[in-house]
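Take a look at the structure set out below.
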Amino acid sequence: MGDGGRIGSVTRDRANWPVLLSLVLVVVVPAACIIWFMTEAAGNQADAARQRLSEALRGQLRLLRDRIEADSSQPTYIHTIRDVGYRFEPGD
């Protein structure tokens with residue numbers, strides 16, 4: 001009786017592999033794809049927000065330079081330091 005139950009159990013497990021494979025293909029793979037897509041979308045959204053903020057800052061600096069600089073294309077007060085930011089140098 002004990003052997004018969006065990007053999008039946010092994011046979012039943014072998015018969016279930018298509019069901020388990022289908023479950024993995026139908027549930028696990030799409031779930032992983034959705035998680036990947038959402039992670040990428042969140043990263044893209046953060047990049048877009050950073051870009052909008054950068055453009056707004058550039059616009060405000062342009063307006064400020066237009067107001068305080070004699071020639072805004074050749075700034076004497078507000079200097080751009082590449083990959084760092086901006087530096088203000090008061091005039092004499």
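Among the residues of the stretch 69-78, none qualifies, meaning not one is touching a Lys or Arg at 6+ places or on another chain (Cβ under 7 Å), among the β-branched types (Val, Ile, Thr) and surrounded by fewer than 10 Cβ atoms within 10 Å (Cβ to Cβ).
Of the residues that make up the stretch 14-24, is at least one aliphatic (A, V, I, L, M), in a helix (DSSP H, G or I) and modelled with pLDDT of 90 or more? No, that holds for no residue.
The values are calculated or read from the model by the stated rules, or taken from the named source; none is laboratory data. Everything numeric here is computed off the predicted structure, so don't read it as measured data. Cβ sites come from the backbone with ideal geometry, for glycine too, and all protein chains shown count toward neighbours.
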